[in-house]
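Structure record follows, encoded as structure tokens.
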Amino acid sequence: MLDRVRGYGVAGVTVGAVHHASRDVTPHGLSKLTVRHDGAHFPLPGDLFAGQRLRPPQGYPDVFDGLREACRTRGLKLHGWTVFLRNGTLGAANPDVTVRNCFGDRGYPTDLCPGHPDVRQYAVSLARAVARLGVDSVVAESLHFRPLRAERSFVPLGPMDAYLMALCFCDYCLSRAADLGVNATGAREECARIVGGVLDGDSPAQGEVTRAALTAYAGPEVVAYARARSETVTSLVSEVAQAVAAEGSRLVFVDSTGAVKGYRDGLPTPGLAAHDAWQFGVDLVALGDLVPSFAVLAYARDAARVADDVGAYLRSVGKDREVRAVLRPGYPDSDSADRLAAKVRAAKAAGAYAVDFYAYGLMPYPVLDRIPEALI
Ligand SMILES: [Zn+2]
């Protein structure tokens, strides 16, 4: 596998160190349909998790055995892909650390709340553990509030209603917002009143979530509450970045906004990822001072959109920051080597430090074969 990867002309490989449960079509894998479980794919260092309630479920402990050396001898960097707060196994066993909506429902067992102190301690230990594998970077996924949707709904919730229904009002989020001077209880009551009205038959809100639209729809207290979430995320990312640096590695922060917009069909909703990241507590301007590297999920068919997303990200985090563009070389974003090459050029021209390709195990070989051509 590493020889094939090196043959693509790439500089490194990002290997899943901690992943979330999934059921994936794996076109050239040992199995063609692969069931993945929540798990850390390395032996857990006992000292890091001693006395902690939250420990990652054990995955395949030998994934990284010899991998560092194998990459080094081939001139490849090795990065550790780490899913932080999306873990249904931990959430099901510890529902009190998961997010709680304005009605008091713990409806998302996959989503650990970044405001909960046990979750924050877990994230820092997890980051240290991955960094200790000797990786060149720890690539952080889901280190923020996540977009949440019900699996079945026959209520026509608009984007703003769905957003309000997903806001976390756990005790820790409430008190963190109150500490910042926000009327947190009032925000919760307002959310419950608005969403409750739609559940009772009121018309749903029209239009995408923006600060202005949300202010008009839900009022300033709710917007202040939503914005207060960025302090929770910024301080957590800061702790994680410091822990990674202390272990001799560096953090690459990946926010999910680009995936929310374009994951399904490569046709992202109009707002650029950098402009909408605040909705999940991601304050890119603040993080620009704390994190050495960012990866934009540029899940789009259109090369101009890739350039726009990279440019907006750089303007937010700072022009001198490392911003990488994550591209999908095949369906649904790229239908040819030429289109992929155009997106690589667009990302570079917009100031991207590098491009990454998602994802080796999920793409057919002929799709992966577009990569060397795109990198010329
Ligand atoms: Zn919370």
Within the range 186-194, is even one residue open to solvent by 20 Å² or more (accessible area, probe 1.4 Å), within 16 Å of the ligand (Cβ to nearest atom) and out of contact with any Gly (no Cβ under 8 Å at 6 or more places or on another chain)? yes
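Can you tell me which residues in the range 1-23 are part of a strand (DSSP E or B) and open to solvent by 50 Å² or more (accessible area, probe 1.4 Å)? Lay out the reasoning, then the answer.
So the first thing to find is which residues in the range 1-23 are part of a strand (DSSP E or B), and the list is 12-19, 22-23.
Thr14, Arg23 - these are the residues of the range 1-23 that are part of a strand (DSSP E or B) and open to solvent by 50 Å² or more (accessible area, probe 1.4 Å).
More than 16 Å from the ligand (Cβ to nearest atom) and farther than 24 Å from Thr269 by Cα - does that describe any residue in the range 201-218?
yes
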Would the range 70-79 turn up any residue that is open to solvent by 60 Å² or more (accessible area, probe 1.4 Å), out of contact with any helix residue (DSSP H, G or I) (no Cβ under 8 Å at 6 or more places or on another chain) and within 30 Å of Glu190 (Cβ to Cβ)? no
Pair list, Cβ < 7 Å and 6+ apart or interchain, from the range 103-130 residues that are over 29 Å from Arg193 (Cα atoms) and among the aromatic types (Phe, Trp, Tyr) to residues that are open to solvent by 10 Å² or more (accessible area, probe 1.4 Å) and away from the ligand (no atom under 11 Å from the Cβ): Tyr122/Gln52
Do we find a residue being more than 20 Å from the chain's Cα centre (by Cα) and open to solvent by less than 60 Å² (accessible area, probe 1.4 Å) anywhere in the range 284-302? no
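Among Ser142, Ser153, which is the only one that is among the small types (Gly, Ala, Ser) and in contact with a strand residue (DSSP E or B) (Cβ under 7 Å, 6 or more places away or on another chain)? Can you show your working first?
Numbers: Ser153 fails: in contact with a strand residue (DSSP E or B) (Cβ under 7 Å, 6 or more places away or on another chain).
Result of the check over Ser142, Ser153: Ser142.
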Out of the residues in the range 351-376 meeting the condition of being open to solvent by 30 Å² or more (accessible area, probe 1.4 Å) and in a loop (DSSP other than H, G, I, E, B), tell me which one is farthest from Arg6 (Cα to Cα). Gly351
Of everything in the range 154-172, what is within 16 Å of the ligand (Cβ to nearest atom) and open to solvent by 10 Å² or more (accessible area, probe 1.4 Å)? Give them in sequence order. Tyr163, Met165, Ala166, Asp171, Tyr172
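What's the total number of residues in the range 259-274 that are part of a helix (DSSP H, G or I), open to solvent by 10 Å² or more (accessible area, probe 1.4 Å) and under 19 Å from Ala162 (Cα atoms)?
At the first step, the residues of the range 259-274 found to be part of a helix (DSSP H, G or I) are 259-262, 273-274.
Keeping just the survivors that are open to solvent by 10 Å² or more (accessible area, probe 1.4 Å) gives 259-261, 274.
So of that shortlist, the ones also under 19 Å from Ala162 (Cα atoms) come out as 259-261.
The qualifying residues number 3.
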Which of (1) crowded, with 21+ Cβ neighbours inside 10 Å; (2) of a type in the set (Gly, Ala, Ser); (3) free of Cβ contacts under 8 Å to residues at least 40 places away in the same chain; (4) over 24 Å from Leu251 (Cα atoms) does Ala337 not meet, given it meets every other one? (1)
Selection status of Leu85, within 12 Å of the ligand (Cβ to nearest atom), buried (at least 24 other Cβ atoms within 10 Å of the Cβ) and over 23 Å from Ala192 (Cα atoms): yes
Between Leu112, Leu148, which is at pLDDT below 95, within 13 Å of the ligand (Cβ to nearest atom) and of a type outside the set (Lys, Arg)? Leu148
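The values are calculated or read from the model by the stated rules, or taken from the named source; none is laboratory data. Since the model is a prediction, treat every value here as computed from it, not as a measurement. As a convention, Cβ positions derive from the backbone with ideal geometry for all residues, glycine included, and neighbour counts pool all protein chains shown. Just the protein is used for accessible areas: all its heavy atoms, side chains included, with ligands, DNA and RNA removed. Shrake-Rupley method; radii C 1.70, N 1.55, O 1.52, S 1.80 Å.
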